[in-house]
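Only one structure is covered here, and it is reproduced in the block below.
Readers should treat all values here as calculations from the given coordinates under stated rules, not as data from a laboratory. Only a predicted model underlies this, so the values are computations on that prediction, with no experimental measurement involved. Cβ atoms come from the backbone with ideal geometry, glycine included; neighbour counts cover every protein chain shown.
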Amino acid sequence: MVCFRTDIGATNGHPVRDDNDTYAKQLETDVLIVGAGFGGIYLMHKLRQQGFKCKIYEAGKDLGGIWHWNCYPGARVDSQVPVYEYSIPEVYETWTWSERYPGWAELRRYFDHVDKQLQIRKDTAFETRVTGAEFDKKSNKWNVKTEDGRQATARYLLLATGFAAKRYFPDWKGLNTFEGIIHHSSFWPEEGVDVKGKRVAVIGTGSTGIQLSQETSREGATVTVFQRTPNLCLPMVQRPLTPEDQMKRKGEYPRFFEDRMKTFAGFQYDFSDKNTFDDTPEEREAFFQKLWDNGGFEFWLATYADMLYDAKANDEAYNFWAKKTRARITDPKKRDILAPLKKRHAFGVKRPSLEQDFYEQMDKPTNEVVDVRETPIKRFTKTGIETYDGLHREFDIIALATGFDSVTGGMMTMGLKDVHGVDLSRRWAKGTYTYLGMTCAGFPNLMFLYGAHGPTAFSNGPSCVEAQGNWIVDAIVKASKENITYINPTKDAEEKWHKNVTQISNKTLFPTADSWYMGANIPGKPREQLNYAGGIPLYEKETRAALENWEGFITA
């Protein structure tokens, strides 16, 4: 039986309704924010400080964004703390973490803490899905409709839906015929699934697939991973954190958060000033080993400056990765599938996942890795999965870690219409166009963050959210001070920004791989760079310059 969870209950018994006007059938507000994850909460907090009336519409039943939805086995963040948290003093001063990379349950507790400090829930309408939004040129306001028939009017419409809001289900034959337990990772039941002694299949080896496989292997009788492309995983190097040590460092946090915004991806480390072949082979080996031992994304984002630009330099990084990873796998067949000597794509042009013991778990004789490039899935049956080599494997549980229509998918399913009545899904059908990665021509007073053409997938989430969130708040404040009620980017500005994003990307190795960075994971989606690959410092410089005199905007 196919069990696709459509939502989960509010955590910790929090009410989803309030007595104020948040759920009004005809809501009027200065700013309407869609999404109550890191981005929506940050925008709400900052705009309230400036005196604006704000409301949030959230499809789920509680705060947290992706951490409201994700509760599959092993789900945890891949950016270490305190990088992965708000730089808001009233939040971080009274909070400590239990480990370097928190899991989903602790992240939900963090959002409870955020709400206690910032009072977000009282102005958030949960279980509220936006199905239509159109700008009224007479009033210069947005009219927004919800799935249950409510309406809202707002001067500004801000989208904080995140880059992974639309789930992807491949069109496999017989998917609905399987009579066991089957879930997409983002529809995992809140109460969990008992995998002990069960035959488990995990389809997909993105970050979610790696975490699911790693965790279910601890109790499952067998775990079979269906892999299309090897995930070039890096060691997480997880470790516990003590409240005492964290509290001692709180005084350093203001400088820490300031410094993270000076790095390419918003972490506490950055690329080296040196290129790969500036070092001798011995020096290079020692440098790689140091990054490897530190764990996390350092081997990806604190390495040589030319690693993501020069193919030969990239080969050196891949060869080191393969050597370290292959040494952990005893089964020769699995070794060649999971960590082939000949790389399928350049290292780092697909997001590496962080693992703890994934390779050891997959190396177990009871587990199997299926290369679906060699033996694709043919169909689902009542009891399992049949591949094109004629084999039929039986399972009790199937986990679909098939990912998302990333970066653009969420915004394209909200019924957003431009001033001419054309839906955004039509506008972006043949290519994505934004200005500054935060606005779209023909959609006045609409801004978004952590989406198309921003640093999004090439950054730590909270760092990107705060960089873009600060720009959006400053734009609204500037418009208010200058008595501007209408802000609309020009088509020419969009064209130039699209060209800018593409040119920056084309200098790198990112376009050489079919990744979700390039929209290549969804059949029929235009293959194009969806993220700004110039790093957060350059992004802030370019976007701030445009805001100074409303360059690229029509205002009234």
If one compares the long axis through the Cα atoms of helix 104-118 with the longest principal axis of the Cα atoms of the chain, the angle in degrees, nearest 10, works out at 20
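Loop-only check: which GluC sites (Glu not before Pro) in segment 451-556 are DSSP coil with at most 10 other Cβ within 10 angstrom?
Numbers: sites: Glu466, Glu482, Glu494, Glu495, Glu528, Glu540, Glu542, Glu548, Glu551; in loops: Glu482, Glu528, Glu551.
Sparse-neighbourhood loop GluC sites (Glu not before Pro): Glu482.
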Neighbour-limited loop hits for trypsin sites (Lys or Arg not before Pro), segment 276-361 (at most 15 other Cβ within 10 Å; DSSP other than H, G, I, E, B)
Lys342, Arg344
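Kindly provide the Kirkwood hydrodynamic radius of segment 175-400 in Å, to one decimal, from all pairs of distinct alpha carbon atoms.
Working: mean 1/r = 0.0510 Å⁻¹.
The answer is 19.6 Å.
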Among Ala286, Ile377, Asn314, the residue whose Cα sits farthest towards the positive end of the charge dipole of segment 175-400 (+1 at Cβ of Lys and Arg, -1 at Cβ of Asp and Glu, taken about the Cα centre) is Ile377
Centre separation in Å (Cα based) which lies between segment 37-64 and segment 173-220
33
Could you tell me how many degrees, from 0 to 90 and to the nearest 10, lie between the Cα long axis of helix 461-481 and the main elongation axis, the longest principal axis, of the Cα atoms of the chain?
10
Using a simple charge model, +1 on the beta-carbon of Lys and Arg, -1 on the beta-carbon of Asp and Glu, nothing else, what dipole does the chain show about its Cα centre, in debye to the nearest 20?
1060
Return the inverse of the average 1/r over all pairs of distinct C-alpha atoms in segment 333-467, which is the Kirkwood hydrodynamic radius, in Å to one decimal.
19.2
At 37 °C in a medium of viscosity 0.692 mPa s, segment 331-392 has a Stokes-Einstein diffusion coefficient, with Rh taken as the Kirkwood radius over alpha carbon pairs, in µm² per second, of 237
What is the helix-to-structure angle for 207-216, meaning the angle in degrees between its Cα long axis and the longest Cα principal axis of the chain, kept from 0 to 90 and rounded to the nearest 10?
50
Can you pull the percent of Cα pairs in the chain with separation above 39 Å?
26
Whole-Hz Karplus ³J(HN,Hα) for segment 367-382, in order, using 6.51 cos²θ - 1.76 cosθ + 1.60 and θ = phi - 60°, x for Gly and Pro?
9, 9, 10, 9, 7, 6, 6, 7, 9, x, 6, 8, 6, 8, 10, 4
For a quick check of your reading of the filter: which trypsin sites (Lys or Arg not before Pro) in segment 473-524 sit in a DSSP loop and have no more than 15 other Cβ atoms within 10 Å?
Lys507
Calculated on alpha-carbon atoms, Rg and Dmax of segment 399-540 in Å:
15.3, 53
